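Structure first, then comments.
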């Protein structure tokens, strides 16, 4: 079974974590590919896209995509996927998240989409751990599912239901 999940996180703008913090095992895989603008010079961690692929011999690859749209940009987005995230900033400005004080209080906004396509449950779990890490790092809120912060995301997706 193939899994696809995307979480949209609204957060205040700032440098993103080092790219190797996103699904660290992908970077260590024997056969992987990375692409994006995370390696650009003089952007101080304010990159906009990262694509990682862990290749499998059977073709059942795991693909992580991270895209960030910033209210105050150093350069215009290079992909439509990044540009499309701008609508979430418009939603915040229009008051769509007025029910959530943390989102309403955010200034100098950025929106990051983290998405995984995988057949591998361990890769899926690592993706969820990466989203949790990102929420903690940015103090962001998932805006496309239950307005989850890092603690509530961990409870919803990473806690052991048997305890």
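Once the Cα-Cα distance is subtracted from the 0.36 nm per residue extended length, the residue 158 to residue 55 segment shows a gain of 34.6 nm. Each of 102, 154, 2, 93 was scored by other Cβ atoms within 10 Å of its Cβ. Arranged with the fewest first, they read 2, 93, 102, 154.
With each label modelled as a point 7 angstrom along the Cα→C-beta vector, the residue 146-residue 99 pair spans 1.4 nm. Using C-alpha pairs under 8 Å with a sequence gap of at least 6, the mean separation divided by the residue count of the chain gives a relative contact order of 32 percent.
Restricting the calculation to Cα atoms, region 1-135 yields a radius of gyration followed by a Dmax of 15.4, 48 Å. If the chain linking residue 6 and residue 79 were pulled fully straight, counting 0.36 nm for each residue of separation and taking away their Cα-Cα distance, it would gain 24.6 nm. Among 28-36, 48-56, 15-23, the peptide with the highest mean count of other Cβ atoms within 10 Å heads the list, and the full ranking is 48-56, 15-23, 28-36.
Kindly list the residues of region 110-150 that lie in the label zone of residue 21, defined by a backbone N under 13 Å from the point 7 Å along the Cα-to-C-beta vector. Under 13 Å, as judged by backbone N against the label point of residue 21, lie 130-140 of region 110-150.
Taking other Cβ within 10 Å of each residue's Cβ, how do 1, 106, 10 sort, fewest first?
Numbers: 1 5, 106 21, 10 25.
The most exposed by this proxy come first: 1, 106, 10.
Going by neighbour counts of Cβ atoms within 10 Å, the residues 97, 91, 4 line up, fewest first, as 4, 91, 97. Suppose R0 equals 30 Å; then what is the FRET efficiency for residue 28 and residue 87 from their Cβ-Cβ distance, rounded to the nearest 0.05? The calculated FRET efficiency here is 0.30.
None of the figures in this text is laboratory data; all of them are computed from the coordinates on show. Worth saying up front: this structure is predicted, and the values here are computed from it rather than measured. Positions of Cβ are generated from backbone atoms using ideal geometry, with glycine treated the same way; all protein chains shown enter the neighbour counts.
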